[in-house]
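One structure is given here, and the rest of the page talks about it.
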Amino acid sequence: MPTSDVERKRATLEALGVTAWVRRVPPSAAPVPPNLEAALPCVTAPASLPSADWDGLALEVAACTKCSLHAGRTQTVFGVGNHAAEWLVIGEAPGAEEDKRGEPFVGRAGQLLNSMLAAIGQPRERVYIANILKCRPPNNRDPRPEEVVCCEAYLQRQIALLKPKLILAVGRIAAQNLLKVETPIGKLRGQEHRFGRTGIPLIVTYHPAYLLRSPGEKRRAWQDLLLAERIYRQLP
């Protein structure tokens with residue numbers, strides 16, 4: 001039986017294991033098991049980057065080793081787009097192609113997203129696109145709570161630098177993490193939300209990869225985009 005604090009911590013971590021954190025819940029709702037903070041310090045103390053500019057922030061992300069995802073990445077996927085954009089599109093995490101190219105939403109899903117945005121007068125070159133995570137999870141699994149928290153300050157700083165008028169949350173995982181809820185995406189879409197203390201209008205829609213698998217949902221996604229455009233046009 002463990003007798004020292006170190007041994008008890010080791011026994012706790014061995015019993016839990018990183019792989020035990022499979023169920024995806026928003027960072028605010030994720031319980032932090034006793035003594036886990038020592039192993040995953042950013043679970044309770046995410047980095048603060050109040051003064052980083054775009055270039056400095058990109059360098060911080062490229063050098064990040066806060067969670068285990070850095071070990072398997074080809075490169076980080078910082079984000080792409082217009083630094084003066086009024087629309088911010090936020091997805092889940094890089095996939096295999098994004099990991100190779102260092103850019104979010106490429107491939108078939110990216111092409112569909114481009115078409116969706118262009119259809120409402122917001123082509124890709126006018127918006128900014130980022131993800132909840134900056135590194136690809138292995139086998140494209142869902143992000144784990146501790147990974148989300150480790151990346152959270154980077155996304156928050158991107159939002160602070162951009163000061164978007166509207167956020168489009170693309171997919172269940174992006175929506176639930178941004179809104180700090182576990183509500184199914186079907187109940188989140190079709191209405192206006194507000195992002196944290198900023199009060200930025202936030203609209204939820206389906207991920208384009210999901211729409212490629214379920215083309216019957218494209219009509220609802222189009223309704224979401226029309227709602228986003230209508231709210232955007234009403235903003236001062």
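The values are calculated or read from the model by the stated rules, or taken from the named source; none is laboratory data. Quick caveat, the model's predicted, so the values are computed rather than measured. Counting neighbours? That spans all protein chains shown, and the Cβs are built from the backbone with ideal geometry, glycine included.
If I ask for residues that are over 19 Å from Asn114 (Cβ atoms) and basic (Lys, Arg), which ones from segment 181-218 would you list?
The answer is Lys187, Arg189, Arg194, Arg197.
If I filter segment 137-157 for residues that are closer than 30 Å to Leu226 by Cβ, of a type in the set (Lys, Arg) and either at pLDDT 95 or above or part of a loop (DSSP other than H, G, I, E, B) (or both), do I get at least one hit?
Within segment 137-157, not a single residue is closer than 30 Å to Leu226 by Cβ, of a type in the set (Lys, Arg) and either at pLDDT 95 or above or part of a loop (DSSP other than H, G, I, E, B) (or both).
Being in contact (Cβ under 8 Å) with a residue 40 or more places away in the chain and touching a strand residue (DSSP E or B) at 6+ places or on another chain (Cβ under 9 Å) is the filter here, so list the residues in segment 182-208 that pass it.
Applying the first criterion (in contact (Cβ under 8 Å) with a residue 40 or more places away in the chain) to segment 182-208 yields 182, 200, 207-208.
Hits for segment 182-208 are Ile200, His207, Pro208.
A quick yes/no check of all residues on (1) under 21 Å from Gln156 (Cβ atoms); (2) in contact with a helix residue (DSSP H, G or I) (Cβ under 8 Å, 6 or more places away or on another chain); (3) modelled with pLDDT of 95 or more:
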{"site": "Arg194", "(1), (2), (3)": "yes, no, yes"}
{"site": "Ile200", "(1), (2), (3)": "yes, yes, yes"}
{"site": "Val204", "(1), (2), (3)": "yes, yes, yes"}
{"site": "Ala209", "(1), (2), (3)": "no, yes, yes"}
{"site": "Arg213", "(1), (2), (3)": "no, no, yes"}
{"site": "Arg219", "(1), (2), (3)": "no, no, yes"}
{"site": "Arg233", "(1), (2), (3)": "no, no, yes"}
{"site": "Pro236", "(1), (2), (3)": "no, no, no"}
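Could you grab me the full set of residues in segment 71-108 that are more than 18 Å from Pro123 (Cβ to Cβ) and either aromatic (Phe, Trp, Tyr) or in a loop (DSSP other than H, G, I, E, B) (or both)?
Passing the criteria: Arg73, Thr74, Gln75, Thr76, Val77, Phe78, Glu92, Ala93, Pro94, Gly95, Gly102.
Looking at the structure I just gave you, is Arg136 buried (at least 22 other Cβ atoms within 10 Å of the Cβ) and farther than 30 Å from Pro236 by Cβ?
Details: buried (at least 22 other Cβ atoms within 10 Å of the Cβ): yes; farther than 30 Å from Pro236 by Cβ: yes.
The answer is yes for Arg136.
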